[in-house]
Each structure stands twice: as C-alpha cells, then as structure tokens.
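> Here you go, one structure.
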C-alpha cells in the first residue's frame with residue numbers, strides 16, 4: 001500500500017490492519033477501526049497515514065479532529081467531519097445527499113433547518129438515522145473513509161451518532177477510523193467503550209517504541225548521538241514517540257549539552273520538555289498561545305488580537321514565529337491550533353483560573369458582537385462567571401433550544417443551569433426553570449421533577465404542569481401529584497379549555513401508575529366520558545381513557561371502543577403523525593383489547609406515514625406494536641418478522657426492549673430456544689437488573705418463559721415474580737401477559753400445587769373481569785387440567801368452542817391439542833386425530849414449530865400419519881428476505897426498499913442476491929412472477 005511516513009516506526013501491525021480495512025472498503029464492505037492509546041503514542045500519525053493511503057486508492061476521505069471546548073456544541077465533531085463536504089456541494093448535489101431519510105441530519109449543518117421541519121418525537125434518534133443515510137449517500141458509488149481524531153474531546157451527541165453508524169458500518173462501504181485516548185478526564189468513557197465493543201471492530205492499541213525504534217528515529221532526524229544518548233532518550237521518553245521527538249528537538253537545539261546524563265536530568269519528560277519550550281517564548285507569543293488554548297475552535301488572528309489587546313500585525317508576526325517553531329498551526333480557514341494536544345496541554349497548565357474565566361468572558365462578548373451562532377457564544381459563557389447580562393441569558397436559552405432540537409438535552413440543561421446563575425429577571429425565572437426541567441426530563445435527569453415543581457410554583461401554566469406530569473411519570477407517580485396539578489387545570493378551564501383538557505389527560509395517564517389516585521382520576525375524567533374526538537385535545541383524552549381502561553382491566557369492549565374513538569379513522573395520526581407516542585398508545589390499547597384487524601390497518605397507516613416523513617421512530621414503534629399484535633393473534637412467524645423489522649431499523653431505549661421480548665416469545669414458540677435466550681440475555685441497554693419501566697415487564701416475562709422452557713426453574717421463578725412485581729408497580733390489572741399461568745407451571749413442577757392453583761384462579765378472576773374471549777379460553781384450558789375425567793374432556797371441548805370465538809388461533813390449537821390428548825387417552829382415537837390434525841394445521845400455518853411438533857407426535861400416537869411440513873418457493877426465504885419480496889414485486893428500487901424498511905441499499909442488494917440463488921431466478925420480474933405481481 002506504500003511506504004509510511006518517515007515519522008512512523010514500529011507500527012507494522014497497525015498499518016497492516018488499516019490496509020485490510022481500506023481494501024474492504026474498496027471492495028464495497030465497511031469496517032470500523034478504533035485506535036486507542038495515551039497521548040503522544042502516535043494515533044494522529046496513524047490516522048493521517050490512513051487518510052493518505054485512502055486518497056492514494058482514490059477513496060473519498062473526510063477527516064476531522066475534535067478540539068477543546070467543543071463538548072458543549074451538539075454534533076460538533078460530526079459537523080466538522082461532514083460539513084465541509086456538504087458546503088462544497090452545489091445545490092443539486094446537496095439536495096441529493098440530503099434526500100429522503102438523510103434530511104433529518106440537516107439541522108447539524110444548518111441550525112435553522114430544525115425550525116423548518118416537523119419536530120420528531122426523538123430528535124437525536126432521527127438525526128442519527130439521518131446521518132447514517134447521509135453517509136450512505138456519500139459512499140454509494142465510491143466508498144468513503146471517515147477519520148475522527150482526538151475523539152475523547154468530542155461531544156456526546158457526536159459519539160452517539162458515530163456509535164449508531166458503526167453498528168451499521170459493514171453494509172455501508174465505509175471505513176470509520178476513530179482515534180481516542182482511554183480514561184481521559186472529562187471524556188465520554190462509556191460511549192467510547194461502546195465503539196470498541198461494536199461487533200467486528202478492529203481495536204488497535206499502539207505500544208511504546210523499543211530502543212531500536214528510538215534509534216531509527218534518531219537516525220532519521222540526522223542527530224549525531226551515541227548509544228548512551230539514544231538509550232537516555234528511550235528511557236526518558238518512555239518510548240512515547242511524541243516525547244522522543246521533543247527530546248530530539250532539544251538535542252538538535254543544543255547538541256553540545258545533549259549528554260546522556262543531561263537528558264536523564266530532564267526528570268519527567270512529560271512535564272518538562274514541552275513546558276520549557278513554552279517558557280522560552282517571547283511574551284507576546286506566550287500570550288497568543290494562552291489565548292488560543294481558551295479560544296479553541298474560535299481562535300482566528302483577528303479575534304486573538306482583540307482579546308490580547310494587541311495590534312493585528314504584532315499577533316501575525318508572533319503567529320508566524322510559533323508556526324515556524326512547530327508550536328502552532330494555521331488551517332486553511334484561518335483557524336489557529338496546536339501541533340499536538342500535548343503541546344496544548346502544556347500551555348493550558350500555565351493558565352490560572354481567573355485568567356481562563358476572563359478570557360472566556362471576552363470571547364463570549366466578542367462572538368456575541370459578531371452575531372455568531374448562540375451555541376458558540378454559549379460555549380464560552382459556560383466557562384465564565386455570571387455577570388448579570390440580559391444578552392447572556394437570551395443567548396444561553398437560544399443555544400439550549402438549538403441543542404434540544406438537535407437531540408442534545410443534556411447540553412441544553414447545562415446551558416440553562418448556567419442561565420439561572422446569570423441570573424434572569426424575576427419575570428423570566430419561571431420560564432427558564434420550566435425550560436430547564438423539560439431539558440432535564442428529556443436527558444433522563446432525576447432532578448427534572450424538582451425543577452419543574454419550582455417552575456410551576458412561579459408560573460402556574462399548563463405547559464409547566466404538563467411537563468411536571470411527564471417528569472413524575474418518568475420517576476414514578478405519587479398521590480401528591482393529583483393535589484398539586486389538578487388546580488392548575490381547573491384554573492385554566494375557562495381561558496384555555498383545550499389546554500386544561502390536555503392536562504387532565506396527562507394527569508389521568510400519570511394516575512395509571514398510582515393505584516391510590518384511581519378514584520380521583522376517574523372522577524376527574526368523568527366530565528369527558530361523552531367526548532367523541534372532535535378536537536385534538538379530545539382525541540388525546542380518549543387515548544388517556546383507553547389507557548386507563550386497559551390498565552384497570554375492567555372492560556375489554558370499552559377499551560376497544562375508546563381506542564377506536566381516539567384513533568378516529570386516522571384523524572389522530574393525521575394530526576400527531578407517526579412520531580407521536582399517543583398514536584402508539586392508542587393502537588397498543590386496541591391490540592390488548594383484541595382489536596387486532598383494525599390495529600393492523602392503523603399500523604399500516606403509521607408505517608406509510610413514517611416512510612413518507614422518514615420517521616425511524618414511527619416505523620420502529622409500528623413494527624414493535626405489530627409484533628405484539630401478531631403474538632396475540634397466534635401468528636408467531638409474523639411476530640418474528642415484525643420484531644426483527646423493529647430491531648433491524650434502530651436501537652431505541654424504549655422500543656427495543658419490548659421488541660426483543662416479543663422476538664424471544666416468538667422464537668420460543670418457533671422452537672428456537674437458544675436464539676430466544678440470546679435475544680433477551682443481558683447486554684448494553686438490556687441489563688440483568690431491569691429499570692423500572694413498562695417495557696421491562698415484557699423483558700422479565702420473556703426471560704421467565706425461556707427459562708421455564710429450558711428447565712431453569714429457579715431463574716424462571718425469579719423472572720416471572722419480577723414481571724408480576726413490575727405489573728403491580730404500574731397497577732396493571734388486565735391479564736394481557738400470562739405470567740401467573742407460567743409461574744403456576746413453575747410452582748407445579750416444584751411440587752407446590754396449591755400455590756399453582758391459586759395463581760391460575762387469580763388469573764381466571766382477572767380474565768372474567770376483563771372479558772377477553774381469548775384470555776378466558778387460555779386460563780380455562782389450564783383450569784381444566786385440574787379437573788378429573790370425564791369432566792376434563794367436556795371442559796376442554798367448551799374451551800375449544802370459546803377459543804374459536806377468540807382472536808388467538810394458537811390458543812385454539814393448544815386447546816385442540818390438549819383435547820386430542822384426552823380423547824386418545826380415553827380410547828377415542830378418531831376424535832383425537834380430528835382435533836390433533838386441526839391443531840397441527842393451525843400450528844404449521846402460524847409458524848409455531850414447538851406446538852406443531854407436539855401436535856404431530858400426539859397425532860402419530862393416535863394412529864395418524866401427518867405430512868411433514870415442507871418449505872418451498874417464497875416460503876423458503878428468511879423473514880428478512882420475505883419483507884423485501886412485496887416491495888420488489890411493486891417495482892421499488894433498492895434505495896426505495898431500503899428507505900421503506902429502514903435498511904441500507906447494500907443490505908437490500910445482499911438480500912436480493914441470496915434470494916435469487918435460493919429461488920433459482922435471475923431478475924426482479926421473475927421474483928414478481930413468483931408472487932403473482934407485475935412490477936410497475
């Protein structure tokens with residue numbers, strides 16, 4: 001691949017790995033390389049060498065280095081990496097690069113873009129997906145190499161975006177190289193560690209140089225040095241290349257004084273060598289260097305001169321000298337930087353806290369006067385002392401709004417905390433507190449509720465009250481919340497009836513988490529019992545009523561009616577879009593209330609909206625809920641497809657745990673217990689000890705089911721008890737998840753039949769109260785097992801009839817299997833074969849291999865000869881491949897399919913290649929013919 005830079009020695013292993021990664025990209029496959037090591041070990045040289053080799057291969061290459069002070073600018077590193085490429089594109093190319101889902105990344109490069117587009121439910125989630133598509137667009141025809149240096153200085157949103165990209169890198173034809181230090185103070189350790197743990201990531205940790213390598217560097221530098229001097233350089237530098245070069249600089253500057261003893265006398269070279277270079281600077285040059293440290297990315301000559309109080313000509317002269325002595329560098333855009341972070345660190349150590357704060361204040365005022373973007377001004381305000389400046393408060397608030405719109409609520413919160421210290425006027429304080437509380441809430445900060453309570457005390461607005469409800473819901477409800485919030489709704493009922501109605505809906509939703517508030521909540525919602533969904537507020541109230549109805553477990557029919565009214569033939573979706581949590585809540589309520597056909601129709605509409613708007617959240621939410629809907633219909637093959645669609649599309653903190661749980665349940669029914677266990681095994685984002693969230697109920701249940709089916713009885717008991725405790729904490733009474741029935745099985749196997757019967761009876765009581773035909777059939781089938789013959793046969797026959805009226809085809813098959821077994825044992829082989837044959841047909845149709853295997857074995861015992869299930873044609877394709885088939889048949893391009901399914905074009909291309917080979921075809925037209933469709 002070519003000779004390395006003369007400064008690179010003893011890095012053959014690292015360069016070979018980089019060459020392999022570049023070859024992969026040239027061949028169309030992506031790669032992730034993480035360079036880890038202490039400062040000065042040579043990461044930057046390797047990163048630059050990677051970029052040079054990529055350019056020699058004619059691979060488009062973009063490189064950026066994080067700078068000090070950029071952690072408070074959301075997506076600062078990503079903007080530095082990709083921004084110049086977009087800036088250099090003409091209008092047509094820019095429109096092409098930011099087309100489709102990539103448009104969601106536009107706010108990173110154009111702060112005003114967020115205000116011109118619909119705000120997604122999760123801005124950062126949308127931006128991450130948009131960035132992945134932007135990178136895919138950049139790499140589509142030519143491949144792409146992205147090099148990020150000094151990532152330990154990067155802002156958290158940039159690192160999360162890189163992590164999102166890294167997890168999809170193989171399908172993108174992109175090399176992402178990230179160079180970083182480990183355990184650097186102030187860095188985002190967890191995010192950097194996540195990058196290193198991405199599957200197939202190549203992690204390179206360059207080692208200290210050997211004495212021979214140091215000797216080679218000495219020789220290349222043309223420095224006359226004997227073996228003793230070389231050894232002294234090696235020992236004093238610790239084999240760190242940067243310090244080797246600094247010592248060589250000292251030797252070259254004073255060769256007569258460069259004895260081995262003198263070099264060893266440097267002591268800790270890390271502290272002395274560069275520091276001595278700084279102390280040797282002229283006063284003007286030293287001042288310039290200190291200001292450049294503080295200014296960071298905003299260091300340009302004119303600004304530095306203004307802050308220093310020196311004529312520009314004098315600053316330029318000093319700058320030339322510092323560049324000539326390899327102390328500073330000047331980029332093409334005029335930005336001043338240091339030749340190495342360790343040089344910067346040495347200068348930084350010479351700056352006292354008072355000087356630092358004063359310089360930041362000067363820079364903030366200067367940037368404000370220049371009308372720089374508020375985020376850049378705010379970065380310096382954060383490091384300066386409060387000074388009662390109204391413009392500073394306005395700037396910090398505006399920067400916080402921009403940070404929130406760009407998916408960085410934790411940065412927004414820090415900015416608003418600083419605004420409170422400025423401080424704001426008494427009139428503005430309540431608004432700032434409310435904004436801070438909302439930012440803390442979105443960032444997952446436990447202080448959000450306390451902050452919003454203070455805001456509500458100062459300004460009793462609907463907005464502050466609704467935000468407080470959300471904060472309390474995130475941290476668990478309490479009886480006190482009703483007493484605190486209800487008066488606000490009552491106070492605004494005349495001047496803002498819609499707002500009061502929305503707050504009542506929020507209060508009701510919060511009351512779902514606190515059983516003690518149930519009666520009061522019910523009374524408050526009584527005024528809305530007759531609403532029909534004529535307005536947006538009415539529809540959201542209906543969502544709250546539907547939620548309250550299913551959680552309370554009182555009436556399945558009423559829940560379905562409320563959910564239908566809330567959805568309003570698509571009115572809720574049209575108003576709220578697929579990004580709305582409320583839309584998902586309403587469809588979820590319809591699913592648990594057995595309105596599965598209608599739910600599927602609404603989910604189709606959500607997916608269509610998500611595709612049209614590029615909403616990854618909407619698509620993922622719909623796929624997750626669809627997985628549950630299909631489980632409740634008994635369609636475990638369809639549930640697997642939907643759950644995998646959700647997981648393939650994105651990794652979402654709320655949706656992904658449920659999707660994993662639903663996938664595990666489906667896999668268990670499909671008799672793939674190893675895969676089921678792996679799906680819900682502890683991992684980042686899915687810990688062994690689950691957080692107190694509703695999705696954790698699904699995960700605990702799935703873990704319990706898989707443990708029970710794999711004979712890990714103690715684990716099953718613990719997980720199912722955990723699921724039950726979590727349901728109780730959320731006051732859920734609808735028996736949607738049958739954890740009691742599974743736990744009864746655990747207890748029965750442990751010999752505690754009394755406890756098992758008690759759990760079954762408890763579930764039966766809840767089922768009768770709820771009124772779901774399917775749920776009743778399921779528990780009555782279990783109850784029949786406690787009854788002696790011949791009564792058991794009659795009860796199972798009744799269960800079969802009830803199950804036929806239900807929505808879960810698999811529950812019918814289970815009842816038929818149990819009934820068939822009883823008939824066989826009673827000697828009625830013909831009746832047994834009839835029941836077992838029907839059960840086998842259902843199980844095969846639903847993809848329920850576990851139940852199908854049981855039905856087949858019992859049918860053989862009853863004298864039947866069941867045909868073996870065979871897969872052929874399109875049915876032989878994997879679930880992921882089957883999702884692509886109808887879109888190909890409709891004439892969609894690879895890019896259109898990728899956007900519709902939130903995949904990458906490369907993934908679609910790979911799937912199509914495998915599909916053609918499996919089916920023995922060679923074109924889209926042939927594939928369309930297999931499914932009876934003519935492409936457009």
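> Among the residues of the range 157-178, is any touching a helix residue (DSSP H, G or I) at 6+ places or on another chain (Cβ under 6 Å), in the same structural domain as residue 97 (by TED's automatic domain parsing), over 22 Å from residue 54 (Cα atoms) and assigned to a loop (DSSP other than H, G, I, E, B)?
no
> Determine which member of the set 474, 516, 500 is within 32 Å of the chain's Cα centre (by Cα) and either part of a helix (DSSP H, G or I) or at pLDDT below 80 (or both).
Values: 516 fails: within 32 Å of the chain's Cα centre (by Cα); 500 fails: within 32 Å of the chain's Cα centre (by Cα).
Result of the check over 474, 516, 500: 474.
Yes/no matrix, rows are residues, columns are (1) within 16 Å of the chain's Cα centre (by Cα); (2) modelled with pLDDT of 90 or more:
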| residue | (1), (2) |
| --- | --- |
| 121 | yes, no |
| 139 | no, yes |
| 144 | no, yes |
| 160 | yes, yes |
| 178 | no, yes |
| 181 | no, yes |
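> Which count do you get for residues in the range 437-465 that are surrounded by 21 or more Cβ atoms within 10 Å (Cβ to Cβ) and free of Cβ contacts under 8 Å to residues at least 24 places away in the same chain?
The number of residues fulfilling the criteria is 2.
> For the condition within 23 Å of residue 804 (Cβ to Cβ), out of contact with any strand residue (DSSP E or B) (no Cβ under 8 Å at 6 or more places or on another chain) and either modelled with pLDDT of 90 or more or crowded, with 22+ Cβ neighbours inside 10 Å (or both), what is the one hit in 898, 830? Explain how you work it out, then say what you get.
Working: 898 fails: within 23 Å of residue 804 (Cβ to Cβ).
Answer to the check: 830.
> Of all residues in the range 674-693, which are free of Cβ contacts under 8 Å to residues at least 60 places away in the same chain and either crowded, with 17+ Cβ neighbours inside 10 Å or within 17 Å of the chain's Cα centre (by Cα) (or both)?
Kept after step one, since they are free of Cβ contacts under 8 Å to residues at least 60 places away in the same chain, are these residues of the range 674-693: 674-683, 685-691, 693.
Answer for the range 674-693, where residues must be free of Cβ contacts under 8 Å to residues at least 60 places away in the same chain and either crowded, with 17+ Cβ neighbours inside 10 Å or within 17 Å of the chain's Cα centre (by Cα) (or both): 676, 677, 679, 680, 682, 683, 685, 686, 687, 690, 691, 693.
> Using the structure shown, decide if residue 552 is under 23 Å from residue 733 (Cβ atoms), surrounded by fewer than 24 Cβ atoms within 10 Å (Cβ to Cβ) and touching a helix residue (DSSP H, G or I) at 6+ places or on another chain (Cβ under 6 Å).
In short, no.
> Output the residues belonging to the range 780-791 that are buried (at least 19 other Cβ atoms within 10 Å of the Cβ) and farther than 13 Å from residue 764 by Cβ.
Across the range 780-791, there are no qualifying residues.
> Quick one: residue 225 ticks every box in (1) over 25 Å from the mean Cα position of the chain (by Cα); (2) modelled with pLDDT under 90; (3) assigned to a helix (DSSP H, G or I) bar one, so which box is it?
(3)
> Continuing with this model, one more query. Going by the conditions given, is residue 689 assigned by TED's automatic domain parsing to the domain that holds residue 750 and in contact with a strand residue (DSSP E or B) (Cβ under 8 Å, 6 or more places away or on another chain)?
Working: assigned by TED's automatic domain parsing to the domain that holds residue 750: yes; in contact with a strand residue (DSSP E or B) (Cβ under 8 Å, 6 or more places away or on another chain): no.
No, not satisfied.
> (1) surrounded by 22 or more Cβ atoms within 10 Å (Cβ to Cβ); (2) at pLDDT below 95; (3) closer than 18 Å to residue 799 by Cβ: which one isn't true of residue 859, the others all being true?
(3)
> Being surrounded by fewer than 18 Cβ atoms within 10 Å (Cβ to Cβ), within 17 Å of the chain's Cα centre (by Cα) and closer than 20 Å to residue 19 by Cα, is that true of even one residue in the range 200-215?
No.
> Give the range 37-70 a look and list any residue that's closer than 30 Å to residue 372 by Cα and crowded, with 24+ Cβ neighbours inside 10 Å, or say none.
Listed by number, the residues that qualify are 66, 67.
> Then there is this: Please pick out the residue among 710, 620 that is surrounded by fewer than 24 Cβ atoms within 10 Å (Cβ to Cβ) and at pLDDT 90 or above. Give the steps one after another, and end with the answer.
Details: 620 fails: surrounded by fewer than 24 Cβ atoms within 10 Å (Cβ to Cβ).
Answer to the selection: 710.
> Quick check on this structure: which one of 626, 632, 644, 613 is over 23 Å from the mean Cα position of the chain (by Cα) and either over 22 Å from residue 100 (Cβ atoms) or surrounded by fewer than 24 Cβ atoms within 10 Å (Cβ to Cβ) (or both)? Let's see the steps before the verdict.
Details: 626 fails: over 23 Å from the mean Cα position of the chain (by Cα); 644 fails: over 23 Å from the mean Cα position of the chain (by Cα); 613 fails: over 23 Å from the mean Cα position of the chain (by Cα).
Result: 632 is the single residue among 626, 632, 644, 613 that is over 23 Å from the mean Cα position of the chain (by Cα) and either over 22 Å from residue 100 (Cβ atoms) or surrounded by fewer than 24 Cβ atoms within 10 Å (Cβ to Cβ) (or both).
The values are calculated or read from the model by the stated rules, or taken from the named source; none is laboratory data. These numbers were taken from a predicted model, which means no experiment stands behind them. Glycine gets a Cβ as well: all are built from the backbone with ideal geometry, and neighbour counts include every protein chain shown.
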